[in-house]
Ligand code: ADP
Ligand code: MG
């Protein structure tokens, strides 16, 4: 079963068509990056997959099961946001454990999973701290840890690095790449940064004004852009 499929998915806000019939088939273990300028509909698309926004038309399936009407918690996904969305009053441990507690995972299992993720993300020394006592990069790692502990079949990332400074962004990009290799996770990752897309993607989708203009391996898209928009966007500095 394909971990994630979008078939002819559209989204309207009132009279405005924001997403025009998008088709995406994510293979098992594949890292797909959606790249496009601000306002082209990347977050809206991801939010529909997460169940935070309804679908106007078309179908979204996770693990072969139609989820159009499923609540976010019923979907086998975890999302990492740009602004981390951590709970400021909770410790790093509690932030990472929160989703598992809601899902009524037994305590020893929660402790084992958080410990494992903390090791993977080098967060072990910080488990008792609160988010405000962490650097931006550490906060982003906590946000990733919170997703990892849930062991979803699909990870969704919405510009997770865009709040970090340039140097840290490059470092975190490499860390995500390593995590991806270690965990072999199926991911849909959204960014406006072409370099990030080229570095991380197995396949990338170049999006413009609510349409997927081209889907392909990064080098393929780079070497053989199918539209003028793709050529201009991929060729221009981030
Ligand atoms: P991106 O993430 O690529 O920057 P978004 O998905 O956030 O783009 O937005 C795509 C378009 O949809 C924008 O024109 C935005 O103004 C519009 N939009 C997003 N959310 C809403 C909403 N809740 N109501 C109305 N318009 C929205
Ligand atoms: Mg966005």
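A short reminder: the numbers here are calculations on the coordinates, not readings from a lab. Quantities reported herein were computed from a predicted structural model and do not represent experimental measurements.
Quick notes on this one:
- Kirkwood Rh in Å, taken over all unlike Cα pairs in region 62-182: 14.9 Å
- In the chain, the longest principal axis of the Cα atoms and the axis of helix 107-120 are about 60 degrees apart.
- Principal-axis tilt of helix 92-102 within the chain, Cα atoms, nearest 10 degrees: 70 degrees
- With bins 5 Å wide beginning at 0, the percent of Cα pairs of the chain falling in each bin runs 1, 6, 14, 18, 19, 17, 12, 8, 3, 1, 0.
- Value of [θ]222 nm, deg cm²/dmol, for the chain, DSSP H segments ≥ 4, -39500 (n - 2.57) each, nearest 500: -11000 deg cm²/dmol
- Computed over region 1-99, the P(r) tail beyond 17 angstrom holds 57 percent of alpha carbon pairs.
- With Cα atoms as the point set, the radius of gyration and Dmax of region 144-238 evaluate to 13.9, 42 Å.
- Were the residues from residue 85 through residue 163 laid out at 0.36 nm apart, the gain over their Cα-Cα distance would be 26.9 nm.
- Additional length obtainable on full extension of the chain from residue 128 to residue 68, 0.36 nm per residue less Cα span: 17.8 nm
- Axis of helix 136-148 versus longest Cα principal axis of the chain: the two differ by about 90°, to the nearest ten degrees.
- The relative contact order of region 17-91 comes to 20 percent, based on Cα pairs under 8 Å that sit 6 or more residues apart.
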